[in-house]
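Student: The structure follows.
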Amino acid sequence: MPRGPALATLAAAAALLGCAGHSPGTLGVRDGRLSPCPDSPNCVSSQETGERHSIAPLPVVGDPATAQARLTAAIEARGDATIVSSSPDYLRVEFHTRLGFVDDAEFWLDRAARVIHVRSGSRVGYSDFGKNRSRIEELRKALLGSG
């Protein structure tokens, strides 16, 4: 996390530019795939192969519906999230950072593969200082009961 002048600069830019941005119109599952990440390093996806964007999907341990319910509970417990859309196999979530930025995350339960595919990306900016990746890893630990 940036400190001192870097944090102040980010906060000032956020205040001037507005951080929320607009939700991308490309979100959702199409033909068994979540949207690809943009070229910028502020996005991770379990369906990407490049080192910059790739992250492991969340495992489904036991019953898929129970795994999805545990993920939903872990997201709700964070206090920085709003669940925008929910179905038995899909969650769309907006995560809010302390600086006022909004990150869009998607969680798709792939029952055949027994995983929950994830995509998490910043709406605005170029770098997220690893926040999207660390947030997904925090959810992974919570889902597996070690967080």
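Bear in mind that the values in this text are calculations on the coordinates, not laboratory data. Every value quoted in this text rests on a predicted model; they were computed, and no experiment measured them. A quick note on method: Cβ atoms are made from the backbone with ideal geometry, for glycine too, and the neighbour counts reach across all protein chains shown.
Student: Taking neighbour counts of Cβ atoms within 10 Å as a proxy for exposure, in what order, fewest first, do Ile55, Ile116 appear?
Tutor: Sorted ascending by nearby Cβ count, the order is Ile55, Ile116.
Student: Can you sort Tyr90, Tyr126 from fewest to most other Cβ atoms within 10 Å of each residue's own Cβ?
Tutor: Fewest to most other Cβ atoms nearby, the residues stand as Tyr126, Tyr90.
Student: Within a 10 angstrom radius of the beta carbon, how do Phe129, Phe107, Phe101 rank from fewest other beta carbons to most?
Tutor: Arranged by neighbour count, lowest to highest, Phe129, Phe107, Phe101 become Phe129, Phe101, Phe107.
Student: Once the Cα atoms of the range 38-143 are picked out, what are the Rg and Dmax in Å?
Tutor: That works out to 13.0, 39 Å for Rg and Dmax.
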